[in-house]
Amino acid sequence: MINKPSLPGPVRFERATEHGVRYYEIRVQPDLFGMVVIRVWGRRGSRLGRMITTPCVSDEQAESIYNRCVRQRMRRKYHQTPIPH
């Protein structure tokens, strides 16, 4: 049996602004054609928000996109928080 490398876990970032707390979530998961990176962002307490999915042809590409998004959130002063259930 071949061991498949583990996927990066979901991560959530938050940042307080004068208009409320902004959040940004990043997830990597398999789909029918390979891997997909899902990014969700918006303002906490609001029903408005956005989501974008990025299809990837390999696990390495998905991990690269995931890591780039995490670095970008850290540069923009977001703080990592637990994901609410």
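The values are calculated or read from the model by the stated rules, or taken from the named source; none is laboratory data. Quantities reported herein were computed from a predicted structural model and do not represent experimental measurements. Note: ideal-geometry Cβ built from the backbone for every residue, glycine included; neighbour counts use all protein chains shown. Accessible surface is based on the protein model in full, side chains and every heavy atom, while ligands, DNA and RNA are left aside. Shrake-Rupley method; radii C 1.70, N 1.55, O 1.52, S 1.80 Å.
Of all the numbered requirements in (1) without any contact (Cβ under 8 Å) to a residue 24 or more places away in the chain; (2) in contact with a Lys or Arg (Cβ under 7 Å, 6 or more places away or on another chain), I26 misses one, and that requirement is (1). Selection of strands (runs of 3 or more DSSP E) fully inside the chain by the criterion of at least 3 residues being open to solvent by less than 40 Å² (accessible area, probe 1.4 Å) returns 11-17, 20-31, 34-43.
The rows are residues; the columns are (1) farther than 11 Å from R12 by Cα; (2) at pLDDT 95 or above.
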| position | (1), (2) |
| --- | --- |
| V40 | no, yes |
| G45 | yes, no |
| L48 | yes, no |
| I52 | yes, yes |
| V57 | yes, no |
| N67 | yes, yes |
| V70 | no, yes |
| R73 | no, yes |
| P82 | no, no |
